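Working notes, beginning with the structure itself.
The values are calculated or read from the model by the stated rules, or taken from the named source; none is laboratory data. Treat the numbers as computed from the prediction; the structure is a model and nothing was measured. Glycine gets a Cβ as well: all are built from the backbone with ideal geometry, and neighbour counts include every protein chain shown.
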Amino acid sequence: MHLSTIEKRNYLIGFSFIIIMVASATLLNDMEIILPEIGALTAGTWIYQNGGWINQPLKIFLAPSGTAIIGFLINQLAIGYAQKVLLGLLLMLVLLRVLHSNLAPSFATGLLPIIINATHWSFIVAILLFTLVLTVGVFLQGSYKETTPSSIIKKHHMLIFAIMALIWVSAVWFFGFSQMAAIPPVMVVFFEVLQKPQYSWKMAIKHFIALVGAASIGVLVHTFISSWLISAIIALPLVFVLLQLLKIKLPAAFAFPLLALVLPTSMFHMLPLTAVLATTFFLGSIVILKKIYFSSKSRK
């Protein structure tokens, strides 16, 4: 993809914002300040200026902050990890429905406190601060004025998302790998494509390569470089190159290198494999479901 001067500027500002977040966490020695989905939100709102994400700028603050609080509070409950993930996803769906928001990264900010076992209020403060800055940035860019408002989440989309999440979480829990229950970037992409009228195998394969590739990049870089800041500085441009080679814009891919920085050790080494399995299940399922749906419509 050829980048215009404006696009280059947007990438520079976006990457700088993400690096500032990681640098802040490094200076304060607080892992909970590293918010992987801020990477995806920054890419989608500032860099790509995704119309579906920026058409209601205030909800860039409200939706991710609301789901983060839900996830943070659920994490305090004395229930199993898989149950926390399921309960969190259901409550997040309800919140997005109430807010009339389709902002998919909200699922990731809600799942993060459960994944990293966030216990300090610095996590909530960081979410509020960084999403507020992103919201102000979108208002200043002004591109949201040229977009059309998103429609409310359809009930059948909520039902499909809930059923697929239930199947996935139940399966990994049954086989003893409950730590695989929540893979935020994959669920974000799944929720996005679920709402698209069509989704082909070709695009699903590109998304698979991008997500698994980004997860592998994050793990490989952080395996050899322990520094949060240096790892992010190296990994993010590599994800950018990967997406350029695939000729796609996938904000969620930028979350994986940051996710690798904050995962518990038991989940860190399994991240590429987990990404393979989760991406295959969720994206493969949605391609099949859409083909069945359109096939049934064509016969009528």
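Annotations for the structure displayed:
- Residues within the range 218-239 that are surrounded by fewer than 20 Cβ atoms within 10 Å (Cβ to Cβ) and touching a helix residue (DSSP H, G or I) at 6+ places or on another chain (Cβ under 7 Å), tallied: 5
- Residue selected from the range 144-159 under the condition surrounded by 17 or more Cβ atoms within 10 Å (Cβ to Cβ) and either under 18 Å from the mean Cα position of the chain (by Cα) or part of a helix (DSSP H, G or I) (or both), by the criterion modelled with the highest pLDDT: M158
- Matching residues, the range 19-55, being farther than 22 Å from I114 by Cβ and in contact with a Ser or Thr (Cβ under 7 Å, 6 or more places away or on another chain): Q49, G51, G52, W53, I54, N55
- Of all the listed residues (A63, A78, A108), the sole one being over 21 Å from A210 (Cβ atoms) and part of a helix (DSSP H, G or I) is A63.
- The range 91-131: number of residues that are closer than 23 Å to F161 by Cα and among the hydroxyl-bearing types (S, T, Y): 3
- Any hit, the range 7-26, residues being crowded, with 24+ Cβ neighbours inside 10 Å, assigned to a helix (DSSP H, G or I), at pLDDT below 90 and among the β-branched types (V, I, T): no
- Some residue of the range 134-143 being exposed (fewer than 15 other Cβ atoms within 10 Å of the Cβ) and closer than 29 Å to L261 by Cβ: yes
- Any pair with Cβ under 7 angstrom, 6 or more apart, that starts in the range 40-55 at a residue that is part of a helix (DSSP H, G or I) and ends at one that is among the aromatic types (F, W, Y) and crowded, with 24+ Cβ neighbours inside 10 Å: A40/F254; A43/F254; G44/W53; T45/W53
- Just one of (1) part of a loop (DSSP other than H, G, I, E, B); (2) more than 20 Å from L271 (Cα to Cα); (3) without any contact (Cβ under 8 Å) to a residue 60 or more places away in the chain fails for G176. It is (2).
- Selected residue (criterion: farthest from V125 (Cα to Cα)) from residues of the range 27-39 that are more than 15 Å from the chain's Cα centre (by Cα) and not in a helix (DSSP H, G or I): N29
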